[in-house]
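Report on the structure given below.
Derivation of every value follows stated rules applied to the coordinates shown; laboratory data play no part. Because the structure is a prediction, the values reported are computed rather than measured.
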Amino acid sequence: MINYGPVRVTTAWHLLRVVLLWWVPEERLGLYPRRLHAWVLSAPATFTYVAIFSAFALAQETSSARIVDLLTRLQDTDLRNLSMAPVTALVESAVWAADQGHGLILYVTVFVTVVAWAERRYGTPRIILICAAGHVLGSGLTSQTDLWAIETGRAPASLALTVDVGVSYMMVAGCAGAVLLIRGWMLVVVGPAVAIGILTAVVVSHPIWDLGHLLATGCGFCTAALTLAFARPRIPQNRRKSLQNQEVLGTPDSLEREVS
């Protein structure tokens with residue numbers, strides 16, 4: 001079976017380049033890469049994590065489905081793995097995306113926009129704590145819910161081996177932290193979107209993963225609120241303004257050309 005994952009990524013990248021060349025005036029083309037570079041530098045933890053789980057997701061899409069299924073079963077946070085090696089299971093499952101990485105574009109989009117914005121306001125240590133709380137505490141609460149459902153006969157014993165991985169848990173926890181800081185019209189849009197997206201999945205489809213997302217969201221929200229009780233959010237540097245000033249004043253290369 002032919003896998004089109006790398007082809008889609010490469011095509012999307014070249015389409016983006018074409019759009020930029022058509023849409024951005026030529027004299028301002030240099031400013032946009034610098035803005036993107038500044039955005040990446042302002043959220044190092046988020047973009048590092050995006051690079052890591054994207055590499056694993058692309059490996060999932062380009063590998064045999066049987067191999068991917070075996071790896072995720074050995075490195076997920078099901079009851080068996082959590083009981084045998086909890087720390088190892090939590091660390092290894094954090095780099096795998098669900099559904100063999102098919103939701104990669106959604107994960108990357110949310111991380112590089114919402115979660116990256118949250119990191120700029122919380123700072124790198126706090127956003128790591130918030131996302132880790134969503135993954136670790138959310139996975140722990142989900143596993144305890146699984147165990148309770150099995151012991152009370154509300155779920156089959158096979159639920160103990162259900163594959164559950166952590167990229168989405170980290171994502172929803174970061175989004176919950178962002179909601180706490182959003183103000184104005186963005187809060188009206190983003191807040192209900194996050195709540196409806198998570199709650200609807202729990203009510204309509206009832207899988208254990210959607211319950212895990214709800215629990216991870218709550219853990220991320222509570223952790224973010226706790227960190228704000230000890231320290232206010234950061235006021236990020238206006239990198240766009242500084243880049244525009246550089247554009248007006250000229251880069252060192254352009255100044256050198258002017259002098260010569």
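Can you work out the Karplus-derived ³J(HN,Hα) for every residue in the range 118-125? Use 6.51 cos²θ - 1.76 cosθ + 1.60 with θ = phi - 60°, whole Hz, and x for glycine or proline.
5, 5, 4, 8, 7, x, 4, x
Once amide H atoms are placed 1.01 Å from N in the peptide plane, what residues at a sequence separation of 5 or more from TRP96, or on another chain, have their amide H within under 5 Å of its amide H?
Sorted by chain and number, the residues that satisfy this are GLY166, VAL167.
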